[in-house]
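Down below is the structure, laid out as structure tokens.
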Amino acid sequence: MEKAKVIVISGSMRFWNTILKVADKLTQEGNIVLSPFKDSRSVLTSEDLKLHAELHRQKIDMADEMYVVNLGGYIGDAVQDEIDYANQLGMEISYHEPLRSRPYIVTLCGSKKFEYEFVYQFEKLTKEGKIVLLPAIFRFPNSDHLSTRELALLDVIHQEKMKMSDEVLVINKDGYIGDDTQKEIDWCNAHNIKVSYIENAYKDDRFAL
């Protein structure tokens, strides 16, 4: 029997479920897989993190190849350090998603009544290293006084934002999608723009193996 290849996986713990799927897939292909350690404690000290980093570096020393789980193009500082170390060793590195020459762009759309959720998603996605575009309507607190022409212009601007995006994320809190939002979804579908949703009812399988 041919000697099995040893593959070490690197990736942010926020992608843990995908890391498990990757490990399962690579193992079924006949590889020996070294996964990162997920500490179950809610609070980790700097010493804990330092220990985890050193242990994972030793796993890299044992491996033939590295597989990086970089959903949405995200690679954190710790994972980048691991990639740099693997490069120093001359190790072959493959990525779950193609490396990007620019950050991933997401446009948010949905009802203005979910403004709090828009802010939450904006902060969350920005921390993941993504460029997040919001509807211009949020910059007009007195939007009820905008003319029909002005509203139509804002719609065109929002379409241009969606056209620039890698993904449009629909804020469909409690399953609600208004008529205007549905029109935006239909427009995206007609222009082959990827649409995903925050509610489980619209399961986003873009990260499936």
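The values are calculated or read from the model by the stated rules, or taken from the named source; none is laboratory data. Note that the structure is a prediction, hence the values are computed from the model and not measured. With ideal geometry, Cβ positions are generated from the backbone for all residues, glycine too; neighbour counts draw on all protein chains shown. Side chains are part of the model used for accessible areas, which takes the heavy atoms of the whole protein and leaves out ligands, DNA and RNA. Shrake-Rupley method; radii C 1.70, N 1.55, O 1.52, S 1.80 Å.
Over the chain, average the accessible area per residue using a 1.4 Å probe and give it in Å², no decimals. So the chain comes to 63 Å² accessible per residue, rounded to a whole number. Extending 7 Å from Cα along the Cβ direction at R139 and again at Y176 yields two label points whose distance is 2.5 nm.
First compute the accessible area of the stretch 1-149 with a 1.4 Å probe, then give the percent of it belonging to carbon and sulfur atoms. Its accessible area is 53 percent carbon and sulfur atoms.
Modelled spin-label separation between R41 and E2, with each label point placed 7 Å from Cα along the Cα-to-Cβ direction: 4.3 nm.
A dipole drawn for the stretch 121-194 from +1 and -1 charges on Cβ atoms has a positive end, and of N172, I137, Q121 the residue lying farthest that way is Q121. The magnitude of the dipole of the stretch 80-122, with charges of +1 and -1 set on the Cβ of Lys/Arg and Asp/Glu and taken from the Cα centre, is near 420 debye. 3J(HN,Hα) couplings calculated from phi for the stretch 45-58 with the Karplus curve 6.51 cos²θ - 1.76 cosθ + 1.60 (θ = phi - 60°) are, in sequence order, 7, 4, 5, 4, 5, 5, 5, 4, 5, 5, 5, 5, 5, 5 Hz; Gly and Pro show x. If you take the alpha carbon atoms of the stretch 8-151 and fit the smallest convex hull around them, that volume is 160 Å³ per residue. Listed by chain and number, the lysines whose alpha-carbon sits under 29 Å from that of K163, ignoring those within fewer than 8 places in the same chain, are K112, K113, K124, K127, K130, K173, K183, K194, K203. Rounded to the nearest 20, the Cβ-based charge dipole of the chain about its Cα centre (Lys and Arg +1, Asp and Glu -1) stands at 140 debye. Note down the net charge around M66, summing +1 for each Lys or Arg and -1 for each Asp or Glu among other residues with Cβ under 12 Å from its Cβ. Local charge sum for M66: -3.
Put simply, the amide H of V195, placed in the peptide plane, has neighbours under 5 Å in V168, leaving out anything fewer than 5 places away on its chain. Across the stretch 65-116, Cα-Cα pairs farther apart than 12 Å form 71% of the total. Figure legend: label point modelled 7 angstrom from the Cα of A53 along Cα→Cβ; residues of the stretch 72-109 with amide N under 15 Å from it are 76-86. Structure remark: mean-square fluctuation, Gaussian network model of the chain, C-alpha springs under 10 Å; the largest value among R41, R100, R149 belongs to R41. How much net charge surrounds R41 when only the other residues with a Cβ under 13 Å from the Cβ of R41 are counted, with Lys and Arg +1 and Asp and Glu -1? Here the count lands on -2. Between K127, K113, K173, the Gaussian network model of the chain with springs among Cα atoms under 10 angstrom shows the greatest mean-square fluctuation at K113.
The 3J(HN,Hα) values that the Karplus relation (6.51, -1.76, 1.60; θ = phi - 60°) gives for the stretch 193-199 are, in residue order, 9, 5, 10, 10, 9, 7, 8 Hz. Gly and Pro appear as x. W16 exposes around 50 Å² of accessible area when a 1.4 Å probe is run over every protein chain in place. Segment D24..S101, full-extension length gain: 24.8 nm, with 0.36 nm per residue of separation and the alpha-carbon distance subtracted.
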